[in-house]
Amino acid sequence: MQSEKPKRLSERTVDYGLAAMDFCEALPHTAAGRHIAGQLLRSATSVAANYAEASEAESPADFIHKLKIAQKELKESRVWLLFASRLLPGSAVEALRQESRELLLMIGKGINTVSGRLQGRKIEA
C-alpha cells in the first residue's frame, strides 16, 4: 500500500480557504453569523492569495513580507473561529482551528528560515 504524498503548503492554504468557505455557509443567518462569516471568509481565503504572492516574490525580503501578511491573516482567522465556535460548536470549527495552528507553524518556519539566510546564519533542516 502506497502512502499518500504530503500536500504542499500552497495546496493546504487553498484547502484551508475552501474549508472556511464551507464552514461559513453553515453558520446561522443571523446578524452575528453573517458578520463572522464575512470576516472569516475574507481572512481565511486571503491566506492562500498571500502565500501565492509570496511564491512570486521579487526578493527574499518581499517573500518574508508576504508570508508575514499570510501569517497575520491566519491569526485573524483564528479570532473569528473563536467567535464562530460560540455560534456553531463542534468538530468543523476545531478542524479549522487545528489546521490554522499547523499552517502558522509552517509559515513561521519559512519566515525564520529565509530571515536566517538573510542574516547569514546557517539553517538546520
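General remarks:
- Report note on the peptides 48-61, 67-80: ranked by the mean count of other C-beta atoms within 10 Å, highest first, their order is 67-80, 48-61.
- Using C-alpha pairs below 8 Å separated by at least 6 residues, the relative contact order for the chain is 26 percent.
- Environment charge at V14 (Cβ cut-off 15 Å; Lys +1, Arg +1, Asp -1, Glu -1): -4
- Over all other residues within a Cβ to Cβ distance under 14 Å of E53, the charged ones net out to -1, with Lys and Arg as +1 and Asp and Glu as -1.
- The chain: translational diffusion in µm²/s, Stokes-Einstein, Kirkwood Rh over Cα pairs, 20 °C, 1.002 mPa s: 139 µm²/s
- Once all protein chains are placed together, H29 keeps about 140 Å² accessible to a 1.4 angstrom probe.
- Charge dipole (Cα centre; +1 on Lys/Arg Cβ, -1 on Asp/Glu Cβ; no other charges) of the stretch 1-70 amounts to roughly 180 debye.
- Over all other residues within a Cβ to Cβ distance under 13 Å of H35, the charged ones net out to +3, with Lys and Arg as +1 and Asp and Glu as -1.
- Once the Cα-Cα distance is subtracted from the 0.36 nm per residue extended length, the S85 to R97 segment shows a gain of 3.3 nm.
- Figure note: K7, K66 ranked by solvent-accessible area, largest first, 1.4 Å probe, ligands and nucleic acids not counted: K7, K66.
- In a reduced charge model with +1 at each Lys and Arg Cβ and -1 at each Asp and Glu Cβ, the chain shows a dipole moment near 440 debye about its Cα centre.
The values are calculated or read from the model by the stated rules, or taken from the named source; none is laboratory data. Please read these numbers as outputs of a predicted model, since none were measured by experiment. We place every Cβ from the backbone using ideal geometry, glycine too, and count neighbours over all the protein chains shown. Side chains included, ligands, DNA and RNA excluded: accessible areas come from the protein's heavy atoms. Shrake-Rupley method; radii C 1.70, N 1.55, O 1.52, S 1.80 Å.
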